[in-house]
Amino acid sequence: MASPRWLADEMLGRLARYLRFVGCDTVYVRGLTDAEIVESARAQGRVLVTRDRQLAQRADRALLLQSPYLEDQWRAVRAAYPELPSEPSFARCTECNGRLERLADPKPDLPASGIPWDRVRAGLPLYQCTQCSHLYWEGTHSASVRRRIRSWSEGEARG
Ligand SMILES: [Zn+2]
């Protein structure tokens, strides 16, 4: 079963980035009224993830989170949706939720600093957001996020 599509409310920006990181289609909304949030989730067929009990009760499908901490939030999402991926997938832009595409022929004039060109020439894939053009590759950041998600999952296994 595929992981659901998400709509994260204003208080869950970090969680939204982590959901995108593992490839989940996740809209993050700011500055909307409760009614707009509920309607937007319904219209797009998304599960609303929120810490606001009243807001959760108004939505068709909602996951109410208790904890302000990312680790606890992640565990709660996984407990409710065990099919949630636990590995980075380079499918979604963590900034804007746009789809990422692998660049077939990366050119050195790309607008990003820190691209490890020696590794790219050796075959490391580069991905670009189709909406905001942000560039991604497997590096120290993705490795640390991966470790973090793994450590949370190991905690689950220990019970
Ligand atoms: Zn983007």
Response to the item:
Only unsatisfied item for Leu64, checking (1) surrounded by 13 or more Cβ atoms within 10 Å (Cβ to Cβ); (2) within 20 Å of Cys96 (Cα to Cα); (3) of a type outside the set (D, E, K, R); (4) free of Cβ contacts under 8 Å to residues at least 60 places away in the same chain, is (2)
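Filter the stretch 17-59 down to residues that are without any contact (Cβ under 8 Å) to a residue 24 or more places away in the chain and touching a strand residue (DSSP E or B) at 6+ places or on another chain (Cβ under 8 Å) and give me whichever is nearest to Glu95 (Cα to Cα).
Start the filter on the stretch 17-59 by keeping residues that are without any contact (Cβ under 8 Å) to a residue 24 or more places away in the chain, which leaves 29-33, 35-36, 38-39, 42-43, 53-54, 56-57, 59.
When the remaining residues are screened for being touching a strand residue (DSSP E or B) at 6+ places or on another chain (Cβ under 8 Å), the result is 29, 38, 53, 56, 59.
Numbers: Val29: 12, Val38: 22, Arg53: 27, Ala56: 25, Ala59: 25 Å.
Only one residue tops the list, namely Val29.
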Worksheet item: Do the conditions hold for Glu101, that is, is it in contact with a Ser or Thr (Cβ under 6 Å, 6 or more places away or on another chain), over 24 Å from Val38 (Cα atoms) and surrounded by 12 or more Cβ atoms within 10 Å (Cβ to Cβ)?
Response: yes
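Conditions tested, residue by residue: (1) farther than 21 Å from Ala8 by Cβ; (2) at pLDDT below 90; (3) away from the ligand (no atom under 16 Å from the Cβ); (4) within 16 Å of the chain's Cα centre (by Cα).
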site	(1), (2), (3), (4)
Ala59	no, no, yes, no
Pro68	no, no, yes, no
Glu95	no, no, no, yes
Asp109	yes, yes, yes, no
Arg147	yes, no, yes, yes
Ala157	yes, yes, yes, no
Worksheet item: What tally of residues in the stretch 104-114 results from selecting those that are closer than 30 Å to Arg5 by Cα and surrounded by 10 or more Cβ atoms within 10 Å (Cβ to Cβ)?
Response: 1
Practice prompt. Kindly list, by first and then second residue, each pair from a residue in the stretch 67-78 that is touching a residue at least 24 places away in the same chain (Cβ under 8 Å) to a residue that is of a type in the set (D, E, K, R) and assigned to a helix (DSSP H, G or I), limited to pairs with Cβ atoms under 6 Å and residues at least 6 apart or on different chains.
Written response: Leu70/Arg14
Discussion item. Suppose we filter the stretch 111-143 for residues that are in contact with a strand residue (DSSP E or B) (Cβ under 9 Å, 6 or more places away or on another chain), away from the ligand (no atom under 15 Å from the Cβ) and of a type in the set (Phe, Trp, Tyr); how many remain?
Written reply: 0
Discussion item. Return the residues of the stretch 23-46 that are in contact with an Asp or Glu (Cβ under 9 Å, 6 or more places away or on another chain) and either farther than 29 Å from Arg146 by Cα or of a type in the set (Val, Ile, Thr) (or both); say none if nothing qualifies.
Written reply: Val29, Gly31, Leu32, Asp34, Ile37, Val38, Arg42
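The values are calculated or read from the model by the stated rules, or taken from the named source; none is laboratory data. As the structure is a computational prediction, the values presented were derived from the model and not from experiment. For neighbour counting, all protein chains shown are included, and Cβ atoms are generated from backbone atoms with ideal geometry for every residue, glycine included.
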